[in-house]
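Here is the structure we will look at, set down as C-alpha cells.
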Amino acid sequence: MAEVVQRRLEERLPELEQLERGGLLSGSERRAIIKKVTALEHKVHRRALSKENFISYIQYEINLLELIKKRRARVGYTFKKEEIEYAIVNRIHGVFSRALTKWKGDIQLWLSHVAFCKKWNAKVKLSKVFSAMLAIHPDKPALWIMAAKWEMEDRLSSENARHLFLRALRFHPDSQKLYQEYFRMELMHAEKVRKEKDLLEAAKLPLAEAEYPEEIVRGDLARIVYKNGIQKILGDAEFHLSFWTIAVLFSFTTELQKEIVEDLQAQHANHALTWDFMARRELDAESLPTGGSKQGKASDIIRREQRCWAVYEEALVSVPTEAVWKCYITFCLERLKRKTNNKDLREERLRKVLSLFDRATDASLLPPVLYKRWDSLSLWLLYLDWSERAGSVIETESRYQHALQTPIPAICVTMKERYLDWALRAGGYKKARRVFTSLQENRPLSLEFFRKMIAIEKEQECSKMQRVREYYERALREFGSTSADLWLGYIAEEQSHSQGKPEHTGQIHWRAMKTLQGEQVERFVSQYTLLQAGCL
C-alpha cells in the first residue's frame, strides 16, 4: 500500500510545483496539500474500505479544483491550465470509479459522479458513467429518463435519447413517467426541426427532404408514443390527460391536443376527471368584448364560470357520483378563494358554494372530506366576509382568532390561510409576519399556509433570504417527507435569490433524499434533474 501511495504522490508533484511557480499556491499550501493527500490516500487504500473516506477524498479534490479556478481568474494565469486541471479531474473520476466498484448500489454516489461530469463537461466520461449505472440499475425509470434527457439536451442527439427511451420501456413497459417524458422529448425534437426548417425557408435555402421528414415535422412520432402509452396503460384518465398537459406547451400541437381530448371523452366518459377537465376548459374559452371596464371584466368572469357550472351540471346528470360532486364543489371553492374587489362576483361565488353543499347533502353524495368543511365553513365565510366589509380591523382580527378555535381540522386550516391573507391586506407585511409567527407551531397546518408566507416575503422590496430559509425549514418539519416540490422550491430559491447560497444545494439535496418517502423520492430525483438542466 505504501508504494502505491508514494507513486500517486510523485505523480502529482509536478503539477503542484507548477502551480506554486505560477503564484497559484504558496509553498506552505503546497506542503499542506501533500500532507492532506497523503492521509487521504492511505485511507482509501486500507484493507477495510469506508465509503465516507472516498467521499471526503473526492470533495477535497473538487475543492482544490475550485480554488485553482478562482485563483487563475484573479491573477490571469492560464499556463498549463488544461494539463493540470485535466489531471485533477481524471483523479476524481478514478476515485469515483473505485468507490462505485465497491458500492454499486449507492444511487446517490452515482448521481454525484454524474453531476461532477456535467459540471466539468466530461461528455465522453459521462456517457460511460450512464452506461455503467443503467447496467447496474435498470430497474429505476428515473435514471433512464436522466440519461435520455442528457443525450437530447446536452449532446443534442435525439436518436440516442429515443434509443434509451425504447430500451427503458422494455424494462418498464408500465411506467407512466417514461411514456410522458418520451412524449415530451419527441415534441421537443419536432419543435427544433420545425424551427430549423422555418429558418432555412426564410433564408430561401434548399431543403433536404431526408433531413426534415414530414412525419417528424408534424410530430407523428410523439403521437405514436401517446397512442402506445394509452393502449398499454388502460383505464387511467389522469395518465391520459397528462399527455394533453404536455402537448399544450407546444404551439404546433393543436390537432394532437384535439385528438387527445376526443380520446379522453371516448375512453373515460364516466370518469369524474374527464368532466372536471372539460368544465375547467371553459375558463379559457374566448371572452366577449367588455370595453375594458372593471364591471365588464367581472361580468365576463361570471359568464365563464357559469359555463363551467353548466358542464358540471351535465356531469351530475350523466355520472351522478360522489367524485363528480367533489370536483364540482372543489372547483367552486377554488374560485371563491380567488381575490376580487367586485362585490357581485364575490357574492355570486359564495351563493354557488352554499347551494352546492346543500344539494350534495340532500343527495347523500357529499364526500366526507368536504362534509367536515360544510359543518361550519359556510357560516364562517359569511361571517368573515361581512366582518371584513363592515367591521373594524380589531373586531375582524378577534373573529379570526375565534374561528381558529374550531375543532374541525379542515376548517382550522382554511381559516389560517385566510387569516394570513387578510393580515397582509389589513396591516401589510409586518402584520402578516406576526400572524404567521403566532400560528406556525399550532397544528393542524397546511403546505399552502407556508407557501403563502414564502410568497409574501419574496414580494417585499428588500426580500431577505434568511427569512425565506426560515419558512422553508419550518415547512419541511411538517411536510418534508411527503412533498418533493417543497425541497425543489427550497433549492430553486438558493440558486435564484439575490442572497441565496447555491453551494447549499448539495446539502439540501442530501437531506431531501434522506427524508422523502415512497414515490416522492423518484419525483424529487427526476424533477431535480430537470431543475439542474434549467427545464423548470
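Details
- Extension gain, Ser498 back to Lys70 (0.36 nm per residue minus Cα-Cα distance, nm): 152.0 nm
- Computed E for Gln176/Gln507 - FRET, C-beta separation, R0 25 angstrom, nearest 0.05: 0.20
- On the chain, 52 percent of the accessible area sits on carbon and sulfur atoms, based on a 1.4 Å probe.
- Seen from Val319, the other residues with C-beta closer than 15 Å to its C-beta sum to a net charge of -3, counting Lys and Arg as +1 and Asp and Glu as -1.
- Other residues within the sphere of radius under 11 Å centred on the Cβ of Arg162, judged by their own Cβ, net out at -2 (K and R +1, D and E -1).
- 0 to 90° range, to nearest 10: angle between helix 2-21 axis and the chain longest Cα axis: 80 degrees
- Using the 1.4 Å probe convention, the accessible area of the chain works out to 52 Å² per residue with neighbouring protein chains retained.
- Under 20 Å from Lys70, Cα to Cα: lysines that are on another chain or at least 8 residues apart: Lys80, Lys81, Lys118, Lys119, Lys501
- Note on the chain: Rg/Rh from Cα positions, Kirkwood definition for Rh, rounded to two decimals, is 1.04.
- Distance violations [Cα-Cα > 24 Å] among Lys104/Lys232; Lys69/Lys128; Lys297/Lys343; Lys140/Lys514: Lys104/Lys232; Lys69/Lys128
- Eligible aspartates and glutamates near Lys195 by straight Cα distance, threshold 17 Å, same-chain separation 8 or greater: Glu153, Glu186, Glu209, Glu211, Glu214, Glu215, Asp220
- Under 20 Å from the Cα of Lys36 - aspartates and glutamates, other chains or at least 8 residues apart: Glu3, Glu10, Glu11, Glu15, Glu17, Glu20, Glu52, Glu61, Glu66, Glu85
- Low-density loop positions, trypsin sites (Lys or Arg not before Pro), region 41-97 - DSSP coil, at most 16 other Cβ in 10 Å: Arg46, Arg47, Lys80
The values are calculated or read from the model by the stated rules, or taken from the named source; none is laboratory data. Just so it is clear, the structure is predicted and the values come from calculations on it, not from any experiment. We place every Cβ from the backbone using ideal geometry, glycine too, and count neighbours over all the protein chains shown. These area figures cover heavy atoms from the full protein model, side chains too; ligands, DNA and RNA do not enter into them. Shrake-Rupley method; radii C 1.70, N 1.55, O 1.52, S 1.80 Å.
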